Amino acid sequence: MAYPTEAVFGLGCDPDDRLAVDRLLQLKQRSWEKGLILIAADYEQLRPYVDDQQLTPEQKERVFACWPGPVTWVMPARPTTPKWLTGRFDSLAVRVSDHLLVRELCLSFGKPIVSTSANLSGLEPCKTEQCVHQQFGPSFPVLSGLVGGRQKPSEIRDALTGKLFRQG
């Protein structure tokens, strides 16, 4: 399904459903090796997927100071976290969103969801429901709503080092 986020519409699914993730990756024409982002209503929803015991109190404080908000953190993944989420990495990108509809969606679902920009390979990410339907078809499921006011997708940083992977 597609849903509005802080800057663009996202595509998401149940992170524990390999078939759903495979379908999403096929739709996006995206390699599983790149890994995916999980977004959540709160940090507790992300705990089953990340190994935060590898983070110092200072590193955790840096992460939590940005949440909820538009910063995605790459954190060590638990050994039980599926490879279809982490890709070729031992880490997982995660975010606690401050977008009301994302938070409500994750709370209703009871866990985080996969999040990747809603666009076909080579096209700009969708910022409206109309754009989602133009790219993915009129029957594609969309959570109605508006994207937040951000102009760029979420910033991505490494939780262990603070290194910036993508400017927000």
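Against the chain, whose longest principal axis is taken from its Cα atoms, helix 18-28 shows a tilt of about 60°.
Among the cysteines of the chain, those whose beta-carbon sits 4.7 Å or more from every other cysteine beta-carbon are 13, 66, 106. Cα centroids of the range 1-62 and the range 125-168: 13 Å apart. Backbone geometry of the range 126-141 corresponds, through the Karplus equation with coefficients 6.51, -1.76 and 1.60 at θ = phi - 60°, to 3J(HN,Hα) couplings of 6, 10, 9, 4, 4, 5, 4, 5, 5, 7, 10, x, x, 9, 5, x Hz, x marking Gly and Pro. Couplings for the range 152-158, taken from phi via the Karplus curve 6.51 cos²θ - 1.76 cosθ + 1.60 with θ = phi - 60°, read 10, x, 4, 5, 10, 10, 7 Hz in order; Gly and Pro are left as x. Can you work out the FRET efficiency for the pair residue 139 and residue 56, with r the C-beta to C-beta distance and R0 = 41 Å, to the nearest 0.05? Step by step, r from the Cβ atoms, then E = 0.30.
Taking every C-alpha pair closer than 8 Å and separated by at least 6 residues, the mean separation divided by the residue count of the range 2-166 gives a relative contact order of 38 percent.
For the pair residue 108 and residue 83, the difference between a 0.36 nm per residue extended length and the Cα-Cα distance amounts to 6.5 nm.
For the chain, the alpha carbon convex hull comes to 105 Å³ per residue, rounded to a whole number. Each Lys and Arg Cβ is given +1 and each Asp and Glu Cβ -1; about its Cα centre, the chain then shows a dipole of about 380 debye. Helix 100-109 and the longest principal axis of the Cα set of the chain meet at an angle near 80°. For 1, 75, the sequence from fewest to most other C-beta atoms within 10 Å is 1, 75. Starting from the range 73-168, pick out the trypsin sites (Lys or Arg not before Pro) whose DSSP state is loop and whose Cβ has at most 11 other Cβ atoms within 10 Å. Loop-located and lightly packed - 88, 163.
Since every read-out is calculated from the coordinates, none of them should be taken as a lab result. Predicted, not measured: the structure shown is a model, and the values here were computed from it. Using ideal geometry, Cβ is built from the backbone for each residue, glycine included, and neighbour counts are taken over all protein chains shown.
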